[in-house]
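I have placed the structure first, in the form of structure tokens, so that the comments after it can refer back to it.
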Amino acid sequence: MRKIALLLLILSFPVFCQEVKTEGIVQYERTTFWANIMSRLTYLSEEERDRIKLTWGSSDEGWKQKMTLAFTENQSLYQQGEDNADQGWSGRKETFFLTKNFAAEHSTDYIDLLGKSYIVDDTLHAPTWKILNQIKEVAGYICMKAVTVDTVKNQTITAWFAQDIPVQAGPERFFGLPGLILELDVNDGDVTIIASKVEFKKLTNEFNLKKMKGKKISDAEYNKIIADFIKESIKGERNPFWGLRY
């Protein structure tokens with residue numbers, strides 16, 4: 001604990017020596033390594049595994065998406081980047097906007113899931129993070145490592161956060177650390193979300209979303225839909241992540 005406290009003190013030193021910047025846009029690249037993901041499905045036949053390799057290539061290759069995160073001290077909006085904002089992985093139009101209001105401790109997410117549109121509206125439920133005494137550079141910032149577990153999808157999540165940017169926002173549905181999350185690793189490299197650029201600027205209409213339709217549900221209901229689908233897919237020896245965001 002003393003080592004972690006010392007590292008936090010060292011990393012926070014630059015914050016007191018310069019203007020603290022807490023508003024701007026982060027550009028991320030999200031890479032999904034489908035060959036890795038499907039190799040974990042032990043019930044697949046050898047023929048199916050060969051077909052996966054033929055379709056998706058080696059584990060060194062991945063399917064890439066551009067993502068953006070608008071952030072301030074009080075709120076954040078995570079969505080697909082302009083390059084691919086109109087299409088999901090299957091080529092169809094996809095709704096995906098994750099919004100958080102830290103001041104009001106509330107989140108509203110607009111998500112297409114299994115062929116239906118949902119508005120996931122609830123109070124904020126931050127993951128339970130464990131901060132470790134490891135550091136590395138991401139997008140020009142020294143970041144500390146933290147880990148948590150997604151118990152719904154049974155995934156280990158590794159985050160790297162920059163304490164020099166003291167906001168609790170982050171990509172995907174992850175947040176709640178003492179610094180902006182600049183990198184996420186899902187399940188030891190199955191998916192990576194890595195910041196390529198952080199641009200500090202005054203935000204104006206970035207948080208203004210058009211009115212969207214969908215069934216309003218809670219976090220618990222959203223998690224149950226996912227858990228039930230994964231359970232039924234595995235029971236039927238199907239890949240559940242063809243229909244879910246990994």
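Ligands, DNA and RNA left out, the 1.4 Å accessible surface of the chain is 50% carbon and sulfur atoms.
What size of dipole, in debye to the nearest 20, comes out for segment 128-189 about its Cα centre when the only charges are +1 on Lys and Arg C-beta atoms and -1 on Asp and Glu C-beta atoms? If you can, show how the numbers build up before the last one.
On the way: 5 positive and 7 negative charges, 34 e Å.
Here the size comes out at about 160 debye.
Note that segment 230-243 has calculated 3J(HN,Hα) couplings of 4, 4, 5, 5, 5, 4, x, 6, 10, 7, x, 8, 6, x Hz, one per residue in order, obtained from phi through the Karplus relation 6.51 cos²θ - 1.76 cosθ + 1.60 (θ = phi - 60°); glycine and proline are x. Of all the C-alpha pairs in segment 165-246, what % are more than 18 Å from each other? Of all Cα-Cα distances in segment 165-246, 65 percent exceed 18 Å.
For LYS64, the aspartates and glutamates whose Cα falls under 12 Å of its own Cα, not counting residues fewer than eight places away in the same chain, are GLU29, ASP83. The count of lysine pairs in segment 178-226 with alpha-carbon distances below 25 Å, taking only pairs 8 or more places apart or on different chains, stands at 6.
A probe of 1.4 angstrom, applied to the heavy atoms of all protein chains, finds THR32 with accessible area near 10 square angstrom. Farthest toward the positive end of the dipole of the chain, out of ILE119, GLY62, PHE161, is the Cα of ILE119, where the dipole comes from beta carbon charges about the Cα centre. Helix 2-17 and the longest principal axis of the Cα set of the chain meet at an angle near 60°.
Backbone geometry of segment 46-55 corresponds, through the Karplus equation with coefficients 6.51, -1.76 and 1.60 at θ = phi - 60°, to 3J(HN,Hα) couplings of 4, 4, 5, 5, 5, 5, 4, 4, 5, 6 Hz, x marking Gly and Pro.
Computed across segment 163-209, the Kirkwood radius stands at 12.3 Å (inverse of mean 1/r, all Cα pairs). Solvent-accessible surface of the chain, taken per residue with a 1.4 Å probe and all protein chains present: 55 Å².
So if I place +1 on the C-beta of Lys and Arg and -1 on the C-beta of Asp and Glu, and nothing else carries charge, what would the dipole magnitude of the chain be about its Cα centre? I want it in debye, nearest 20. Numbers along the way, then the final one.
Numbers: 32 positive and 34 negative charges, 67 e Å.
Value, rounded to 20: 320 debye.
Hey, got a sec? Which trypsin sites (Lys or Arg not before Pro) in segment 120-227 land in a DSSP loop and have at most 12 other Cβ atoms within 10 Å?
In loop regions of segment 120-227 (DSSP not H, G, I, E or B), the sparsely surrounded trypsin sites (Lys or Arg not before Pro) are LYS201, LYS202, LYS210, LYS211, LYS213.
Phi angles across segment 67-81 convert, under the Karplus curve 6.51 cos²θ - 1.76 cosθ + 1.60 with θ = phi - 60°, into 3J(HN,Hα) values of 10, 10, 10, 8, 9, 9, 5, 9, 7, 8, 9, 10, 7, 6, x Hz, Gly and Pro given as x.
The values are calculated or read from the model by the stated rules, or taken from the named source; none is laboratory data. Given the structure is predicted, the values throughout are model-derived calculations rather than measurements. FYI the Cβ positions are ideal-geometry reconstructions off the backbone, even for glycines, and counts take in every protein chain you see. Areas reflect the complete protein model, heavy atoms only, side chains present, ligands, DNA and RNA absent. Shrake-Rupley method; radii C 1.70, N 1.55, O 1.52, S 1.80 Å.
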